[in-house]
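*Asks:* Have a look at this one before I ask anything.
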Amino acid sequence: MKRSVTVVGAGPAGLTLANLIQQSGIDCIVIEKASRSQVETRPRAGVLEHRSVTMLESLGLADRLLMEADRHGTCEFRVSGKAFQVSYSDLYGGREHFVYPQQEVVKDLIGGFLDSGGDIRFEVSDVELRDLTSSSPSVAFTSADGTRETITSDFVAGCDGFHGVSRTSIPEGALQEFTHHHGIEWLTILAEAPPSTKATIYALQDDGFAGHMLRSATVSRFYLQVPVGTKPSDWSDEQVWEALHKRFALHESSWTLTEGKIIEKRVLDMRSHVVEPMSYGRLYLLGDAAHIITPVGAKGMNLAMNDAATFGRALIDFYGTGSETGLKTYSEDCLRRIWRAQEFSQWMVNMIHTDVSSPFFGRLAQARLEHLAESPAYRATFAENYVGP
Ligand code: RFL
């Protein structure tokens, strides 16, 4: 097989890229390890920044999103029983977050790509990337029916997430890796519970952080700060609800938390990881394959889609005019935004957790939250970063 671009991985990064370049007449193929139903039902992120929505609109793939997504412009902080809200949309030109589950974004992107004649091979295995520094790299894989196939292309887009094969196909020493473990873990819970709030809640109590994130009218995501080394089975459903009630509790308020059936309970390792540069020869890394960010600030899916937009534009330029400028600056262009998001996420991690590395940091978190509650200038900076600059 010969295609201009081989895209490895059908997550938000790979599918955004595939739609973008296919719409510009660049032939590509997407290969994906999981089945179509697996990728279309995998609940993960749920917050789209306005720029991601604008990009999906420009691809003609935002109709369902614009109809179904809830728009949010306010979040709430609860500190030891007292609440304050930040109307980040009002503070940043009316720009909002769109709450639309990642699996719905993926569904829309797969539908759009296949409807316009796209080629996605699901359930591939034994993927191997070869000749990456040549002008015709190739990707070999075993297809769902057991046939071994090889695709030769001009470029390979490594969009296969943190555990994929793309980044690990790059020889050791060719990339610089930046890793940080934040010293905390989150128990992440997905529950069939209608939201108990209209605004995302970040709550901080002496025994740790709790988050209430919005997903849909019937499903909510919750987070609980837990000690490093915790296993999901360490927490019974009853203990989860008890901790959530306690950490969200408000003095002098009749607010209540609506419980529901817990459908997913996992422990999320809170770490950050970035590689530089985000390319090697004709292999370009996009999304989680190149960088991991904590869920604090809800940036992961948006960064993945931004990488796709940046690389897509570079390819369109290359095939349209022969210019290699966009390809050469791809990594630098993406990394600027990635590091800014990492900086914001780290700032927020330190603000909403007790005892990240010592009790000293617990007190700094309180001071930062007080500053946010009191200072319009501080809130404006938060809004700019939270909405996406
Ligand atoms: P993905 O989504 O991991 O997709 C990679 C795809 O590659 C496939 N794959 C392979 N395919 C072929 N060959 C191989 N060898 C392969 N190996 C893997 C995988 O099956 C998969 O389909 O990466 P991508 O596209 O870079 O997208 C990144 C986002 O998924 C990720 O950053 C977000 O989910 C992070 N994230 C959040 N981001 C936000 O912007 N807002 C949020 O609110 C938010 N919440 C979250 C999150 C991530 C979470 N978890 C589970 C890590 C909440 C959670 C709990």
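Please treat every number below as a calculation from the coordinates, not as lab data. Quick caveat, the model's predicted, so the values are computed rather than measured. Reconstructed Cβ throughout: ideal geometry from the backbone, glycine too, with neighbour counts over all protein chains shown.
*Asks:* So, with +1 on the Cβ of K and R and -1 on the Cβ of D and E, and no other charges, what is the size of the charge dipole of the stretch 318-359 about its Cα centre, to the nearest 20 debye?
*Replies:* So the magnitude is around 100 debye.
*Asks:* Could the peptides 294-303, 110-119 be put in order, highest first, of the mean number of other beta-carbon atoms found within 10 Å of their residues?
*Replies:* Order by mean packing, descending: 294-303, 110-119.
*Asks:* Now for a different question. In the stretch 193-297, what GluC sites (Glu not before Pro) fall in a loop by DSSP, with at most 10 other Cβ atoms inside 10 Å?
*Replies:* Within the stretch 193-297, the qualifying GluC sites (Glu not before Pro) (loop, at most 10 other Cβ atoms within 10 Å) are E252.
*Asks:* For the ranges 272-280, 48-56, 164-172, what's the packing order if you count other beta-carbon atoms within 10 Å of each residue, average per peptide, and put the highest first?
*Replies:* Result, highest mean first: 48-56, 272-280, 164-172.
*Asks:* Related question: Count the lysine pairs in the chain whose Cα atoms sit under 18 Å apart, keeping only pairs 8 or more residues apart in sequence or on different chains.
*Replies:* Lysine pairs satisfying the spacing and distance rule in the chain number 4.
*Asks:* Can you tell me the Rg and Dmax of the chain, counting just the alpha carbons, in angstroms?
*Replies:* Radius of gyration, then largest Cα-Cα span, for the chain: 21.4, 67 Å.
*Asks:* Given the Cα-Cα distance of A367 and D115 and 0.36 nm per residue of separation, how much length would full extension add, in nm?
*Replies:* Full extension of this stretch gives 85.5 nm more.
*Asks:* Calculate, in nm to one decimal, what E259 and W347 gain on full extension: separation in residues at 0.36 nm each, minus their alpha carbon distance.
*Replies:* Going from the current span to full extension adds 28.6 nm.
*Asks:* Tell me the chymotrypsin sites (Phe, Trp or Tyr not before Pro) within the stretch 115-203 that lie in a loop according to DSSP and have at most 16 other beta-carbon atoms within 10 Å.
*Replies:* Sparse-neighbourhood loop chymotrypsin sites (Phe, Trp or Tyr not before Pro): F162.
*Asks:* Next up: In the chain, which whole DSSP H runs stretch at least 18 Å along their own axis (Cα) and average -1.0 or higher on the Kyte-Doolittle scale?
*Replies:* 102-115, 300-321, 325-352, 359-374
*Asks:* Right, something else. Explain nothing, just compute: Karplus ³J(HN,Hα) = 6.51 cos²θ - 1.76 cosθ + 1.60, θ = phi - 60°, for every residue of the stretch 36-44 in order, whole Hz, x for Gly and Pro.
*Replies:* So the J values, rounded to whole Hz, are 4, 5, 5, 6, 7, 10, 8, x, 9.
*Asks:* Using 0.36 nm times the number of residues separating K328 and A174, minus their current alpha carbon distance, what extension gain do you get?
*Replies:* Difference between extended and current length: 53.8 nm.
*Asks:* Report the net charge of residues surrounding V240, where surrounding means a beta-carbon distance below 15 angstrom and charges are Lys +1, Arg +1, Asp -1, Glu -1.
*Replies:* -2
*Asks:* Where does the charge balance sit around L65 when Lys and Arg score +1, Asp and Glu -1, over other residues with C-beta under 9 Å from its C-beta?
*Replies:* Value of the local net charge: -4.
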